[in-house]
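J.: The structure is given below, and queries will be raised subsequently.
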Amino acid sequence: MNKYIKFVIAALMLAFGIYLMFNRHIGWGIVVVILTAIPVFLFFKNEYILLAFYQLRKQNFDKAAKWLSKITDYPKQLHKSQYGYFHYIQGLTLSQEQPAKIEPYMKKALEYGLNMKHDRALATMNLAVAALSRGRKQEAQRLLEEAKRLDSAGMMTDQIKMMRDQLKMPTMQKHMHNPHMRQRGKYF
């Protein structure tokens, strides 16, 4: 649904509430005027994103992706403040099945902006994981430090510690051989 249709619905509800008040149904008019806040709230917080967050909280990534797939054209359906969360949830739903593909989604989420610090910290940590998997240790270290700075509540201290331990491990390159193994030829 287009985001501006919600304002039209709110205006119609407000007009109907005022009509009820003028026709001596003041109680019902007040109820309808109060219910006008729902479409206005859903203009700024999209219902599909709220349902996707609810499913993510229950660790149900498939249903979260299903709710998110109902947003077909995000600039027309979402307020600008929700663009970042749209890409953030897309990245989180892909993180279970295809962790290599989440980097562009998290970059877009941080580019558009996330309101909560812990969301920014999680997106930054996912970018650090992607950078480490591609062999960019300095970038991963920088992103990990930023994630630690953003994690003021300390919710991701274990994950950050685990990532630092992985950063300390030597990288195994494709053609690196064990120096303690004897030289073997093509046929042993």
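The values are calculated or read from the model by the stated rules, or taken from the named source; none is laboratory data. Since the structure is predicted, the reported quantities are computational estimates derived from the model, not experimental observations. So basically every Cβ, Gly included, is an ideal-geometry build from the backbone, and we count neighbours across all protein chains shown.
J.: Would you tally the residues in segment 80-117 being outside any helix (DSSP H, G or I), of a type outside the set (A, V, I, L, M, F, W, C) and under 21 Å from Gln55 (Cα atoms)?
T.: Filtering segment 80-117 for residues outside any helix (DSSP H, G or I) gives 95-98, 102, 113-116.
Adding the requirement that they be of a type outside the set (A, V, I, L, M, F, W, C) leaves 95-98, 113, 115.
Right, trim to under 21 Å from Gln55 (Cα atoms) and you get 95-98, 115.
Here the count works out to 5.
J.: Considering only segment 72-91, state which residues are of a type in the set (S, T, N, Q) and surrounded by fewer than 13 Cβ atoms within 10 Å (Cβ to Cβ). I'd like the intermediate steps shown before the answer.
T.: Taking segment 72-91 and keeping what is of a type in the set (S, T, N, Q), we get 72, 77, 81-82, 90.
The answer is Thr72, and nothing else.
J.: Also, quick follow-up: So Phe61 passes all but one of these: (1) touching a residue at least 24 places away in the same chain (Cβ under 8 Å); (2) more than 24 Å from Ser133 (Cα to Cα). Which condition number does it fail?
T.: (2)
J.: Consider Tyr54 carefully, then state whether it is of a type in the set (Ser, Thr, Tyr), at pLDDT below 90 and in a helix (DSSP H, G or I). Step through it out loud before you land on a result.
T.: Values: of a type in the set (Ser, Thr, Tyr): yes; at pLDDT below 90: no; in a helix (DSSP H, G or I): yes.
Answer is no for this residue.
Residues checked against (1) in a loop (DSSP other than H, G, I, E, B); (2) of a type outside the set (A, V, I, L, M, F, W, C); (3) outside the structural domain of Ala130 (by TED's automatic domain parsing); (4) touching a Cys at 6+ places or on another chain (Cβ under 7 Å):
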site: Lys63; (1), (2), (3), (4): no, yes, no, no
site: Trp67; (1), (2), (3), (4): no, no, no, no
site: Ile71; (1), (2), (3), (4): yes, no, no, no
site: Pro75; (1), (2), (3), (4): no, yes, no, no
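J.: Considering only residues that are of a type in the set (A, V, I, L, M) and surrounded by fewer than 19 Cβ atoms within 10 Å (Cβ to Cβ), which ones fall in segment 95-109?
T.: The answer is Ala100, and nothing else.
J.: In segment 1-43, what count of residues is obtained for those that are of a type outside the set (A, V, I, L, M, F, W, C) and in a helix (DSSP H, G or I)? Walk me through how you get there before you give the answer.
T.: To start, the set of residues in segment 1-43 that are of a type outside the set (A, V, I, L, M, F, W, C) comprises 2-4, 6, 17, 19, 23-25, 27, 29, 36, 39.
This time we only want the ones that are in a helix (DSSP H, G or I), so: 3-4, 6, 17, 19, 27, 29, 39.
Looking only at that region, the number is 8.
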